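The values are calculated or read from the model by the stated rules, or taken from the named source; none is laboratory data. Since the structure is predicted, the reported quantities are computational estimates derived from the model, not experimental observations. Here Cβ is always computed from backbone atoms with ideal geometry, including for glycine, and neighbour counts include all displayed protein chains.
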Amino acid sequence: MNIQRIKQIPAPEQIVEEIPFPPHLKKIKHKRDEDIKRVFEGKDDRFLLVIGPCSADSEDSVCDYIGRLAKVQEKVQDRIIIIPRIYTNKPRTTGEGYKGMVHQPDPSKDTDLFEGVKAIRRLHIKALSEFYMPAADEMLYPENYAYLADVLAYNAIGARSVENQQHRLTASGVNTPVGMKNPTSGDLSVMLNSIKAAQIAHTFIYNGWEVKTAGNPYAHAILRGAVTADGRSVPNYHFEDLFLFAKAYLDQQLQNPSIIIDTNHANSMKRYYEQPRIAREVLSSRQYEPILKKMIKGLMIESYIEEGNQAIGDNVYGKSITDACLGWDDTGRLIEYIEECI
C-alpha cells in the first residue's frame with residue numbers, strides 16, 4: 001500500500017477517558033435530547049433551528065457565537081429549540097483546502113489529526129458546559145463519530161455522503177436524530193432510501209468490531225437543493241417541491257416522517273444573504289398546507305458573528321473561512337421573525 005504511517009490515533013475509548021463528559025452535563029443533555037426527539041415524534045410543536053457557522057474554525061469565536069444564541073434561546077424557548085452547529089469536519093469536493101478542526105485545530109498550521117480528535121471533543125464539551133445547548137455536527141467520517149457520540153444532539157449526513165453504505169449503517173446505531181441530505185444530483189429517492197436504511201437494524205464492521213444496531217427512528221430528510229451537470233443550482237424549498245416530496249415521503253411509510261430545510265447551499269445558490277427570504281417562504285408554505293406544517297420540523301441556517309467569508313489568514317474574528325454565512329444582526333432578526341410566524 002502506498003500509505004505512510006505518521007502516528008497512531010488514540011482509540012475513541014482513550015479520548016473519552018482522557019476528556020470525560022461531566023456527569024451533571026449528561027442530565028442536561030438527556031433532557032434536551034428527549035425534547036428534540038419529541039419534536040420529531042410530533043409530541044412537541046416547537047420549531048427546530050440547526051444554526052451556526054459553516055465550519056467551527058476557532059474555539060473562542062464559536063463559543064462567543066453560541067453564547068449569543070443561548071441568550072436568544074432563553075427568549076424563544078417556548079416556541080423554538082435551537083441546536084448550535086459545531087461542524088468540526090468540512091467536506092471538500094476535490095479533497096483540497098481546509099477540512100475542518102479535526103484536521104487542523106489551528107487553520108494557520110499544518111494538519112494534526114492526533115490533536116484534532118481531542119480538540120473537537122474539547123470544543124463540544126466546552127460549549128455544552130458553558131451554555132447548556134448540545135450541538136450538531138456533520139458525520140463526514142463515520143468512524144470518527146465515536147469520539148463525539150456521547151455529546152452530540154444532532155448529526156447530519158452530507159449530500160456527498162448520503163449514498164455511502166457506512167454512513168447509512170452507522171446512522172442506524174445513533175441514539176439521536178440524524179438528518180439525511182438529498183444528494184447534489186437532487187435525486188430524492190436516494191435520500192429516502194438512506195432514511196430507510198438508517199431506520200432499520202444492521203450488522204457490520206465498525207472501528208474493528210462486528211457490531212449490531214437497532215435502527216434509528218429519528219432519521220429524517222434535509223432538503224438542500226441540487227446542482228445540475230452544468231453547475232446550475234436548482235432549489236427544492238418552493239411550495240410545489242415541498243408538497244410533492246411530502247407526499248412521496250409519506251408513501252414510504254417511514255417512522256416519524258420529518259423534513260428540515262437547509263436555507264443555504266444550492267437552495268440559496270450559495271448566496272448566504274438569501275437565507276432569510278428562503279426561511280420566510282418556507283414558513284409561509286408551512287402555514288398554508290397542513291401536511292407541511294406537520295412534517296417541516298425546522299430549518300438549517302449557516303450563520304456566524306460577521307457576515308460573508310474570508311480567506312485563511314485574514315483573521316477577521318467570527319467570520320467564516322469556508323462558506324459565507326449570515327451575520328449576527330441579521331440572524332437575530334431572523335429568529336425573531338421565525339418565532340412570530342410559527
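For segment 260-316, which residues satisfy the criterion of being surrounded by 17 or more Cβ atoms within 10 Å (Cβ to Cβ) and of a type in the set (Phe, Trp, Tyr)?
Tyr272, Tyr304
Taking the options Ile278, Ile261, name whichever one is hydrophobic (A, V, I, L, M, F, W, C) and assigned to a helix (DSSP H, G or I). Give the derivation first.
Working: Ile261 fails: assigned to a helix (DSSP H, G or I).
Only one candidate qualifies: Ile278.
Please enumerate the residues belonging to segment 216-250 that are closer than 18 Å to Glu281 by Cα, part of a loop (DSSP other than H, G, I, E, B) and small (Gly, Ala, Ser).
Gly225
Confirm whether Lys90 is modelled with pLDDT under 95 and surrounded by 17 or more Cβ atoms within 10 Å (Cβ to Cβ). Outline the logic, then answer.
Working: modelled with pLDDT under 95: yes; surrounded by 17 or more Cβ atoms within 10 Å (Cβ to Cβ): yes.
Against the criterion (modelled with pLDDT under 95 and surrounded by 17 or more Cβ atoms within 10 Å (Cβ to Cβ)), Lys90 qualifies.
What are the pairs, 6+ residues apart or on separate chains, where a residue within segment 3-22 that is within 14 Å of Leu148 (Cα to Cα) has its Cβ under 8 Å from a residue that is surrounded by 12 or more Cβ atoms within 10 Å (Cβ to Cβ) and among the aromatic types (Phe, Trp, Tyr)?
Pairs that qualify, where the first residue is within 14 Å of Leu148 (Cα to Cα) and the partner is surrounded by 12 or more Cβ atoms within 10 Å (Cβ to Cβ) and among the aromatic types (Phe, Trp, Tyr), are Pro10/Phe114; Pro12/Tyr147; Ile15/Tyr147; Val16/Tyr147.
All but one of (1) surrounded by 24 or more Cβ atoms within 10 Å (Cβ to Cβ); (2) out of contact with any His (no Cβ under 8 Å at 6 or more places or on another chain); (3) within 22 Å of Tyr272 (Cβ to Cβ) hold for Arg160; which doesn't?
Unmet for Arg160, out of (1) surrounded by 24 or more Cβ atoms within 10 Å (Cβ to Cβ); (2) out of contact with any His (no Cβ under 8 Å at 6 or more places or on another chain); (3) within 22 Å of Tyr272 (Cβ to Cβ): (1).
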